[in-house]
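Have a look at the structure below, then the notes.
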């Protein structure tokens with residue numbers, strides 16, 4: 001079975017500072033990993049995905065994530081936070097069949113001006 | 001292109017009343033379909049997923065049920081709502097091993 005753990009339910013950063021949101025996965029088979037963003041009262045929007053190609057994945061809005069098998073991690077980063085980045089971020093995992101798709105509990109990002 | 005429709009956007013229902021939330025997908029065939037519930041502070045909980053017509057997998061025992069009467073239609077139901085059923089319900093589809101695409105969600109408040 002697959003699962004993801006997001007460390008830190010709330011993260012605050014200053015505008016212009018580095019954003020680091022943590023995600024660790026648990027999977028008995030090579031996983032596919034995803035990061036989504038959710039703005040209030042909306043559905044989820046895909047930021048980026050890892051599907052066993054390059055381990056460093058670039059996404060939209062300047063975000064990127066690195067798949068590290070040795071650490072079972074897929075942390076999300078952005079060099080410089082913008083006010084518009086304030087939202088809820090979810091890490092998700094799927095197995096090779098693609099049938100099951102599980103999310104972490106989410107990290108709420110606050111950007112301080 | 002593919003689109004996903006989920007309705008209604010907001011719903012207020014009394015305890016003990018029935019529920020029916022509908023989700024339809026356009027522009028794709030034989031998608032995997034999912035229902036998630038998002039409760040405050042609990043992230044996204046997978047409730048049901050379906051890999052085909054009439055095929056429903058339940059992830060969490062609860063007061064809800066799901067049905068897939070057509071290839072691109074996924075329905076979430078309850079015969080009698082509980083207060084604990086309140087939350088934000090999201091429908092999603094996947095076309096294989098790639099990412100899931102989400103509807104805009106339904107905010108359900110049980111009073």
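Every number in this text was worked out from the coordinates using simple rules, so none of it is lab data. Note that the structure is a prediction, hence the values are computed from the model and not measured.
Observations
- Gyration tensor over alpha-carbon atoms, chain B, equivalent ellipsoid semi-axes in Å: 23, 14, 13
- Look at the alpha carbon pairs under 8 Å that are at least 6 residues apart: their mean separation over the length of chain A gives a relative contact order of 38 percent.
- P(r) for segment B:52-106, from all Cα pairs and a bin width of 5 Å, is 4, 15, 22, 29, 20, 8, 2, 0 %, short bins first.
- Based on alpha-carbon atoms, the Kirkwood radius and the radius of gyration of segment A:38-113 give Rg/Rh equal to 0.96.
- Prolate/oblate/rounded label for segment A:1-51 (Cα gyration tensor, a/c 1.5): prolate
- Per-selection Kirkwood Rh - the protein assembly as shown (Cα, Å, 1 d.p.): 18.0
- Segment A:1-88: projected area of the alpha-carbon convex hull, averaged over directions, in nm²: 6.0
- Descending principal axes extents, segment A:24-68, alpha-carbon based, whole Å: 34, 22, 14
- Computed on segment B:9-93, with alpha-carbon pairs under 8 angstrom and 6+ residues apart, the relative contact order is 40 percent.
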